[in-house]
Amino acid sequence: MQDIRGNRLWITGAGKGIGRAVAWEYAARGWTVAVSARTAADLDALVQEARAAQLSGVIVAYPADVTDHDALKQTFKAIEHDVGPLDQVIFNAGTYVPNAVKDFNVAPFRTLMEINFLGVVNGLAAVVPTFASRRAGHIAVVASVAGYSGLPMASAYGASKAALINMCEALKPEMDAAGIAFSVINPGFVRTPLTDRNMFPMPFLVDADVAARHIYRGMAKGKFEIAFPLPFVLILKILRMLPYGLYFRLTKKVIKS
Ligand SMILES: NC(=O)c1ccc[n+]([C@@H]2O[C@H](COP(=O)([O-])OP(=O)(O)OC[C@H]3O[C@@H](n4cnc5c(N)ncnc54)[C@H](OP(=O)(O)O)[C@@H]3O)[C@@H](O)[C@H]2O)c1
């Protein structure tokens, strides 16, 4: 029999980085957290650590690949069967592949659209019909501030995240009408195994536990956009409002540096 405590969250991409920190934050606050990622060993390690730390909540592992539409549906069913109706779902699984004009090819675009964009669509397809039938539940999608406007060396990653932000803006009024709370999470740079690989400067970098607290608080407030850290978010929001002449003068500097 599954040990159930508090409210219930399902989060994808929770084996590492931001997702792992969010799972921990919620479990530390007494939630039952179902965690998914492809690498079962990462999830098992998280479950064991949470148990050893005697958190007031509980973490349960459900390995799944977000690019597998049917598997994701089955995972959602299995979680609700085991732990009961979910209160929140955070579609966080995603990755980054750098790409540049000098070796332009379709692979990074396909990979990032498959995982970052369609991976979320697969998740929504699994969860939305049930949440709509209950007129309850809160769904969040992890996009990125990189989706605000085009940034050099990130045309594939940025496009996948811009697609998510646009989709979330389009869905918000319909989700409201369906009785489902809906949020888009736009982090700036967060220290994770993903960004540990980056060789470029990462302004306003925050730790994953800081990101997790932003996400927990933003979800608790029911905000549509949960974006952090604020100074970086404001700079990028101002950048996207600039006329292209000025915008490209600034973004060209990224290539030269
Ligand atoms: N770190 C940042 O600065 C930053 C900034 C803005 C937005 N984000 C976004 O935040 C999310 C998490 O990033 P992160 O930095 O925490 O990345 P990370 O450290 O690489 O962790 C990503 C997690 O997602 C899982 N994942 C990847 N592909 C998956 C798939 N096909 N199916 C299921 N799970 C999958 C990974 O596990 P497996 O490989 O085992 O599946 C891992 O547990 C991503 O959507 C990313 O784009 C990150």
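The values are calculated or read from the model by the stated rules, or taken from the named source; none is laboratory data. All values reported here derive from a predicted model rather than from experimental measurement. As a convention, Cβ positions derive from the backbone with ideal geometry for all residues, glycine included, and neighbour counts pool all protein chains shown. All accessible areas refer to the heavy atoms of the entire protein, side chains included, with ligands and DNA or RNA removed. Shrake-Rupley method; radii C 1.70, N 1.55, O 1.52, S 1.80 Å.
Quick notes
- If you plug the beta carbon distance of PHE200 and ALA71 into 1/(1 + (r/R0)^6) with R0 = 30 Å, you get a FRET efficiency near 0.30.
- Region 79-133: chymotrypsin sites (Phe, Trp or Tyr not before Pro) in DSSP coil with no more than 13 other Cβ atoms inside 10 Å: PHE104
- Mean Cβ neighbour count within 10 Å, used as a protection proxy, ranking 141-149, 227-235, 48-56 highest first: 141-149, 227-235, 48-56
- Those aspartates and glutamates that a straight Cα-Cα span of less than 18 Å connects to LYS77, excepting residues fewer than 8 apart in one chain: ASP3, ASP65, ASP68, ASP87
- Derived scalar couplings ³J(HN,Hα) [region 136-145; Karplus, 6.51 cos²θ - 1.76 cosθ + 1.60; whole Hz; x for Gly, Pro]: 7, x, 10, 10, 10, 10, 8, 9, 5, 4
- Think of it as helices only: each DSSP H run of n ≥ 4 in the chain is worth -39500 (n - 2.57), and spread over all residues that comes to -15500 deg cm²/dmol at 222 nm.
- Distant-in-sequence amide contacts of SER183, defined by a placed amide H-H separation under 5 Å and a gap of 5 or more residues or a different chain, comprise ILE139, ALA140, VAL141.
- For region 8-256, accessible area per residue (1.4 Å probe, heavy atoms of protein chains only), Å²: 47
- For the residues VAL58, VAL35, VAL206, a GNM of the chain with alpha-carbon springs under 10 Å puts the largest fluctuation on VAL206.
- At least 15 Å along the helix axis (C-alpha) and Kyte average at least 1.0, DSSP helices within the chain: 118-134
- Size descriptors for the chain, from the alpha-carbon set: Rg then Dmax equal 18.1, 62 Å.
- Taking all protein chains as shown and a probe of 1.4 angstrom, ARG240 keeps an accessible surface of around 110 Å².
- Restricting the calculation to Cα atoms, region 1-77 shows an Rg/Rh of 0.95 when the hydrodynamic-style radius is the Kirkwood one.
- R0 of 35 Å, Cβ-Cβ distance VAL210-SER149: FRET efficiency to nearest 0.05: 0.90
- Our Cα-only numbers for region 140-257 put the radius of gyration and Dmax at 15.1, 48 Å.
- Amide H to amide H, with H built 1.01 Å from N, ALA93 comes under 5 Å of THR12, GLY13, counting only residues 5 or more places away or on other chains.
- Taking 0.36 nm per residue of separation and subtracting the current Cα-Cα distance, fully stretching the chain between PHE224 and SER133 would add 30.6 nm.
- Projecting the Cα atoms of THR192, GLY150, ALA71 onto the charge dipole of region 8-256, computed from C-beta unit charges around the Cα centre, puts GLY150 farthest toward the positive end.
- Here LYS252 is the anchor, and the lysines within straight C-alpha reach of less than 24 Å, apart from those fewer than 8 places off in the same chain, are LYS102, LYS161, LYS237.
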